[in-house]
Amino acid sequence: MRDKKKRLKSNLISKMSALFIGVALLAGCGATGTESANMEETVAVESTATEEATEIITSEEETVFESIEESMEEATNEIAEMQVHFIDVGQGDATLIICDDEAMLIDAGNNTKGTTIQSYMLKQGVEDLKYLVLTHPDADHIGAADVIVTKFNIENIFMSDYTKDNQTYNELIQALDDKSYKWSTPEVGSTYELGSATFTIIAPNKQYSDPNNASIGLLLQNGDNKFLFTGDAEEEAEEDILANGIAIDCDVYKAGHHGSNTSNTKELLETITPAFVVVSCAEDNSYGHPQAEPMNNFRSMGMKLFRTDEQGSIVAISDGTEITWNCAPTESWKAGESTESAKTATPESTAAPETTPAPEPFPAPELTPEPAPEQIPASEPIVDEVVEETVAEQPAQNEYVIGNKNTKAFHRPTCSRLPKEKNQVIFNNRDDAIAAGYHNPCDYCCP
Ligand SMILES: [Zn+2]
Ligand SMILES: [Zn+2]
């Protein structure tokens, strides 16, 4: 256990940072124009807080100080501040939760997001994870988990019982093996502590043939504030979650499967009745996430919406009673392109390949500066929702790839590890590359 003085200091710091967040909230989301005003206000708030702290320490006798300290400790021992960071990782998920100096990461984006997530965590002062939860083995959830496992000390690792045999999954298992880390699938109904918060496992409720449905789901609670995470669980798994008897009403719902219409059923929404919903996806992603049907339901049910594709990283702060945010909810209910219309819009395979990388996210919020975004692999080909993972692992036939004449490796066109131009050879698709003797898909962009 920490000693009291340290505890008091951290209480004050957390109070000051709560004030800071309040100010940042007023200033809006990543609005660069308000930065200097914001800074001034922050300074003012901080100095007031410091004066208060000094007063406590100097104006009273030691015994009084002790009793103040004690009562503060009692008050804050119960419910500490909890921060929930929905990190902008483009198309994918990565949510960092910090409560009372303990941290948990739920999912770790795709293969290109290792540095983004690592830097983000370090900027929040997170050097160890009490929990790493990898909801399911799709590449947009475990892609950068090998980096996180390698770079951070992790106490508990929870993974879906759905396993895969592909490069992304095997890299993760290798990273775990290298550090002799064991992982397990937590049982539905079991509860774990993260500082003053607790979380209860609500899924998977059985074995599924689809990795999305095998997602670990959990209800995170700090005081009265509840956050629901269901990974990419689709209708079938949502039904099983509803049937398992665990109360899952919540304040904040991280939209299932990036806002896909294969998840977020009306039945689920009517049971959980969140005030806030957060969609984690990339702008203009080829899946059409978030889709119109769930968006319409969120809206008609009066939920306030946050979305990483338009707002960058989103931060919610829970004090056990109230939840505050680093930016205002968005008024944009714009759905992604529907799969059908996206299909129609797909150019013929003979058309020039799409080489523009996905658009950059909005500037990071004031509270949580982000490192320079990494390059995102080429736009995903347009395919049906249900083959998401196949796509992530193996692009469709119409995506061209670039081979390296020397190494016989091949890459997606936007990979940051492309060979020099004179060593490049372009193939219409990965099959052509392999047929020509280019047998090494790049580890980094996973073409
Ligand atoms: Zn996903
Ligand atoms: Zn998935």
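Which residue is surrounded by the fewest Cβ atoms within 10 Å (Cβ to Cβ), if the candidates are limited to segment 88-108 and must be assigned to a strand (DSSP E or B) and out of contact with any His (no Cβ under 7 Å at 6 or more places or on another chain)?
Glu102
Looking only at segment 229-248, how many residues end up being buried (at least 23 other Cβ atoms within 10 Å of the Cβ) and outside any loop (DSSP other than H, G, I, E, B)?
Qualifying residue count for the region: 4.
Is there any pair linking a residue in segment 152-180 that is closer than 16 Å to Leu134 by Cα to one that is of a type in the set (Asp, Glu) and surrounded by fewer than 17 Cβ atoms within 10 Å (Cβ to Cβ), with Cβ under 6 Å and at least six apart or on different chains, and which?
The qualifying pairs are Asn153/Asp128.
Is there a residue being of a type outside the set (Phe, Trp, Tyr) and on the phi > 0 side of the Ramachandran plot anywhere in segment 172-183?
yes
Out of the residues in segment 202-254 that are out of contact with any strand residue (DSSP E or B) (no Cβ under 7 Å at 6 or more places or on another chain) and among the aliphatic types (A, V, I, L, M), state the one that is nearest to ligand 2 (Cβ to nearest atom).
Within segment 202-254, the match that is nearest to ligand 2 (Cβ to nearest atom) is Ala214.
Could you tell me which of the residues Asn261, Asn285 is out of contact with any Asp or Glu (no Cβ under 6 Å at 6 or more places or on another chain), under 22 Å from Gly92 (Cβ atoms) and either without any contact (Cβ under 8 Å) to a residue 24 or more places away in the chain or polar (S, T, N, Q) (or both)?
Result of the check over Asn261, Asn285: Asn285.
Looking only at segment 249-279, how many residues end up being of a type in the set (Val, Ile, Thr) and on the phi > 0 side of the Ramachandran plot? So that I can check it myself, show each step before the final result.
Step one: of segment 249-279, the residues of a type in the set (Val, Ile, Thr) are 252, 262, 265, 271-273, 277-279.
Remaining after also requiring on the phi > 0 side of the Ramachandran plot: 273.
Of the residues in segment 249-279, 1 are of a type in the set (Val, Ile, Thr) and on the phi > 0 side of the Ramachandran plot.
Counting just the residues of segment 249-280 that are within 16 Å of ligand 1 (Cβ to nearest atom), polar (S, T, N, Q) and under 20 Å from Leu220 (Cβ atoms), which one comes out surrounded by the most Cβ atoms within 10 Å (Cβ to Cβ)?
By that ranking, first place goes to Ser280.
When only residues in segment 430-442 that are under 12 Å from Arg412 (Cβ atoms) and outside any helix (DSSP H, G or I) count, which is modelled with the lowest pLDDT?
In this case the residue turns out to be Cys442.
The values are calculated or read from the model by the stated rules, or taken from the named source; none is laboratory data. Computed from a predicted model, the values in this text were never measured in an experiment. Cβ coordinates were reconstructed from backbone atoms using ideal geometry, including for glycine residues, and neighbour counts include every protein chain displayed.
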